Amino acid sequence: MTPAPAPEVLKAPLVVEFPFTRSLGPVQSAFLTGLRERTVLGVRTAGGRVLVPPVEYDPDTAAELRDLVEVAPTGTVTTWAWNPAPRRGQPLSTPFAWALVRLDGADTALLHALDAPGPDAVRTGMRVRVRWAEEREGSITDIACFEPYDGPATQEPGPHDGVFADPVTGIVAPARLDYTYAPGRAQSRYLAALAGQKTVGERCPSCRKVYVPPRGACPTCGVATEEQVEVGPGGTVTTFCIVNIKARNLDIDVPYVYAHIALDGADLALHGRIGGIPYDQVRMGLRVTPVWTEGGRYPDHYRPTGEPDADYDTYKELL
Amino acid sequence: MRDVAIVAFGQSGTRRTSAEVSEVEMLMPVLHQVLGAVGLRAGEIDFTCSGSSDYLAGRAFSFTMALDGVGAWPPISESHVEMDGAWALYEAWVKLLTGEADTALVYSYGKSSPGDLPEVLTRQLDPYYVAPLWPDSVSLAALQAQALLDAGDTDERALAEVAARGRNAAADNPHAQVTGSAPPGALLDAPYLVRPLRRHDCPPIGDGAAAVVLAAGDTARRLCARPAWIRGMDHRIEPHGLGVRDLTRSPSTRLAATRAGAFEAPVDLAELHAPFTSQEIILRRELELDDAVRINPSGGAPAANPMMAAGLIRIGEAAAAIHRGDGDRALAHATSGPCLQQNLVAVLEGEAR
């Protein structure tokens, strides 16, 4: 029994990326296809308001909206904010104003970037027009940004059937978020010990169970686990599955066996791959021990020890 | 209808980084604090409800691991909202009103330090027309502030006064992240962060956790010398299109307050969740709070704004004031989303002393 030392805080970069594929409703499809064709469409509500950007349902009444209207690519700033340090993904890479712009013929405002030389060149009420992106595909970024424009509306609002050749029916919205991940005290201690080829669990001070890997709390008692206990290295396969689907970025031939392994002294089974034995000979009760590769910070897999199989009664509570 | 009260409140300190602890390690001491205050073990709580968002730390299913800190095995009656803990409190309150539970544990936590919070928050926006532009949370708040300035509803000095008042009030709050402030006039010498907002107009980004215990009727009286009775609570939402709204107003706050009974009698204390200074101006007007009402004696969001917890902390601070006898009728407000998108109002009362 060892009192837990204060661990070195582990950190690692973590990138979460998710390319969402989203389908469009009929109004959204007409609007985004229209942008591709340099046409800005709004939608008229039963109350007579023209909403730009248009939505499928009336924000006041929830009524379905289908009455499309073409509005001008010119408009008026209703509010703005000066962004001196553009971030990744934003419409412009040089300092710009965010602006809500009420296009001529619309009753609501559209959020986008406004390209202006500096904050002193921007004011609420200023006239602007759409600057179209050179390459347009049917997305809100087909509007590159707004730019100052000193003039009247270039287009009278009028009905539009929303029909275009080859309409856009969906968008792919890529997203990427960058984190610096830190696993906290208990898992830092566990990972540090593992890098030294020791598997160290933590004991609940209340129910005395040893958790491997530890997550910092006993889920039965709701208290911190802080007493470190070395377990293993030997353990018992409590249950397993045979994997027949090759995972992307994983250089392991299928089929292989993934198992729950109760390390000796642990009250919870952890997961690991079983190697060094044909997949169809792995069984419940098989005795195994971890195999570290050169410089590995965690076991590459577990292999049979050659001991007799464990008796079912010794691990039946750990299934 | 049953009477339901907040009988205990606890919170962690709010800190810019908490890399040395996992979410459950950050949360657990707070859970022990509130359960200890009422002398209950986790297994004696009828219902547990939490609020958090996996996007903040980029950690999938973090809320299930946080549940380890409650002692959720064998399985407990439990729920989760991907919202500020104020909305988890609402769900628990309804559960107690139905009579299905007599006690509830509500908690929430936010660990924003692993990511770039203003960027992470872009992912909660309309995915078709807005999120592809990646407008950060400070910029969206700045659009709202400019609209308020254009309307003549405030000026930059008044905004600085909001920040200075909050941060000076937080001098007595051991959980605050930013305490003390230069005078408002001096704050205006700082450069703009996103014009018209300066750094003092924005909340600090911090990690933290909070928890409350709810109880009904006589159970509440047994657990707490002066329970903070929830007289009403309601939450409402604005249309999601920013350009559809009048950003200088918050009709959802007014409606929620009306339905919570906030206007039926004066309050002597209000805890408002206004992450940006300009939002306090809007909330005060909608809630008809005059100078006789003490606003955010805790310091409010200018002093500490842990995501997912700051709204629950407003309710907890208001309840704790009633527990201590520092107030008799309090209003607590929580918000979520850009530019006061969603708003919750609760009215709390202590019994006559």
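The values are calculated or read from the model by the stated rules, or taken from the named source; none is laboratory data. Note that the coordinates shown come from a computational prediction; the quantities given were computed from them, not determined experimentally. Using ideal geometry, Cβ is built from the backbone for each residue, glycine included, and neighbour counts are taken over all protein chains shown. Side chains included, ligands, DNA and RNA excluded: accessible areas come from the protein's heavy atoms. Shrake-Rupley method; radii C 1.70, N 1.55, O 1.52, S 1.80 Å.
Overview of results
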{"quantity": "Qualifying residue in segment B:89-99 (condition: touching a residue at least 24 places away in the same chain (Cβ under 8 Å) and within 10 Å of chain A (Cβ to nearest Cβ))", "calculated": "no"}
{"quantity": "Scope segment B:37-47; condition surrounded by fewer than 17 Cβ atoms within 10 Å (Cβ to Cβ) and within 12 Å of chain A (Cβ to nearest Cβ); matching residues", "calculated": "B:R41, B:G43, B:E44"}
{"quantity": "Whichever residue in segment B:56-75 is of a type in the set (F, W, Y) and more than 7 Å from every other protein chain (Cβ to nearest Cβ) and, among such residues, is nearest to B:R123 (Cα to Cα)", "calculated": "B:F61"}
{"quantity": "Residue that is nearest to the other protein chains (Cβ to nearest Cβ) [pool: residues in segment B:218-236 that are more than 21 Å from the chain's Cα centre (by Cα) and open to solvent by 20 Å² or more (accessible area, probe 1.4 Å)]", "calculated": "B:L223"}
{"quantity": "Criterion: surrounded by fewer than 18 Cβ atoms within 10 Å (Cβ to Cβ), at pLDDT below 95 and at negative phi - qualifying residue of A:A63, A:A4, A:A85", "calculated": "A:A4"}
{"quantity": "Output for segment B:62-117, where each listed residue is among the β-branched types (V, I, T) and either in a helix (DSSP H, G or I) or open to solvent by less than 40 Å² (accessible area, probe 1.4 Å) (or both)", "calculated": "B:T64, B:V70, B:V81, B:V94, B:T103, B:V106"}
{"quantity": "Single unsatisfied condition, B:P239 versus (1) open to solvent by 20 Å² or more (accessible area, probe 1.4 Å); (2) of a type outside the set (S, T, Y); (3) in contact (Cβ under 8 Å) with a residue 24 or more places away in the chain; (4) closer than 19 Å to B:L143 by Cα", "calculated": "(3)"}
{"quantity": "Subset of segment A:296-311 (residues that are of a type in the set (D, E, K, R) and open to solvent by less than 100 Å² (accessible area, probe 1.4 Å))", "calculated": "A:D300, A:E307, A:D309, A:D311"}
{"quantity": "Residue in segment B:8-28 that is under 23 Å from B:W229 (Cβ atoms), surrounded by fewer than 24 Cβ atoms within 10 Å (Cβ to Cβ) and within 11 Å of chain A (Cβ to nearest Cβ) present", "calculated": "no"}
{"quantity": "Strands (runs of 3 or more DSSP E) completely within segment A:1-78 that count 2 or more residues being more than 13 Å from every other protein chain (Cβ to nearest Cβ)", "calculated": "A:67-71"}
{"quantity": "Only listed residue being open to solvent by 80 Å² or more (accessible area, probe 1.4 Å), β-branched (V, I, T) and out of contact with any Lys or Arg (no Cβ under 8 Å at 6 or more places or on another chain), chosen from A:T238, A:T314, A:T293", "calculated": "A:T314"}
{"quantity": "Per-region count, segment B:258-283, residues of a type in the set (A, V, I, L, M) and closer than 17 Å to B:G327 by Cβ", "calculated": "7"}
{"quantity": "Single residue of segment B:71-91 satisfying the filter (aliphatic (A, V, I, L, M) and more than 16 Å from the chain's Cα centre (by Cα)) that is farthest from A:C204 (Cα to Cα)", "calculated": "B:I76"}
{"quantity": "Single match in B:A292, B:A352, B:A265 (criterion: under 24 Å from B:L223 (Cβ atoms), in a loop (DSSP other than H, G, I, E, B), open to solvent by 30 Å² or more (accessible area, probe 1.4 Å) and aliphatic (A, V, I, L, M))", "calculated": "B:A352"}
{"quantity": "Cβ-Cβ under 7 Å pairs, at least 6 apart or on other chains, segment B:262-275 side β-branched (V, I, T), far side assigned to a loop (DSSP other than H, G, I, E, B) and surrounded by 14 or more Cβ atoms within 10 Å (Cβ to Cβ)", "calculated": "B:V267/B:V293"}
{"quantity": "Matching option when the condition is touching a helix residue (DSSP H, G or I) at 6+ places or on another chain (Cβ under 6 Å) and over 22 Å from B:V120 (Cα atoms), among B:E351, B:E286, B:E317", "calculated": "B:E286"}
{"quantity": "Enumeration of residues in segment B:128-152 that are over 11 Å from B:R195 (Cα atoms), at the interface with chain A (Cβ under 7 Å from one of its Cβ atoms) and either open to solvent by less than 20 Å² (accessible area, probe 1.4 Å) or basic (K, R) (or both)", "calculated": "B:Y129, B:A131, B:L133, B:P135, B:D136, B:A147"}
{"quantity": "Residues within segment B:48-61 that are over 17 Å from B:V21 (Cα atoms) and open to solvent by less than 10 Å² (accessible area, probe 1.4 Å), tallied", "calculated": "4"}
{"quantity": "Search result, residues across segment A:91-107 that are touching a strand residue (DSSP E or B) at 6+ places or on another chain (Cβ under 7 Å) and without any contact (Cβ under 8 Å) to a residue 60 or more places away in the chain", "calculated": "A:P91, A:L92, A:P95, A:F96, A:A97, A:W98, A:A99, A:L100, A:V101, A:R102, A:D104, A:D107"}
{"quantity": "Candidate set from segment A:142-174 (those that are within 28 Å of B:D116 (Cα to Cα) and buried (at least 19 other Cβ atoms within 10 Å of the Cβ)); member that is farthest from the other protein chains (Cβ to nearest Cβ)", "calculated": "A:F146"}
{"quantity": "Residue identified as at the interface with chain A (Cβ under 8 Å from one of its Cβ atoms), modelled with pLDDT of 95 or more and crowded, with 21+ Cβ neighbours inside 10 Å among B:L159, B:L121, B:L197, B:L125", "calculated": "B:L197"}
{"quantity": "Residue in segment A:200-214 that is over 22 Å from B:W73 (Cβ atoms) and modelled with pLDDT of 95 or more present", "calculated": "yes"}
{"quantity": "Those residues of segment B:318-349 which are open to solvent by 20 Å² or more (accessible area, probe 1.4 Å) and under 21 Å from B:R236 (Cβ atoms), in sequence order", "calculated": "B:S336, B:G337, B:P338, B:Q342"}
{"quantity": "Count - residues of segment A:215-240 that are free of Cβ contacts under 8 Å to residues at least 60 places away in the same chain, more than 10 Å from chain B (Cβ to nearest Cβ) and assigned to a loop (DSSP other than H, G, I, E, B)", "calculated": "2"}
{"quantity": "In segment A:241-286, residue farthest from A:Y298 (Cα to Cα) [restricted to those that are exposed (fewer than 14 other Cβ atoms within 10 Å of the Cβ) and acidic (D, E)]", "calculated": "A:D280"}
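Rundown of residues vs (1) surrounded by 14 or more Cβ atoms within 10 Å (Cβ to Cβ); (2) over 28 Å from the mean Cα position of the chain (by Cα), yes/no style:
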| position | (1), (2) |
| --- | --- |
| A:P19 | no, no |
| A:F31 | yes, no |
| A:A46 | no, yes |
| A:V55 | yes, no |
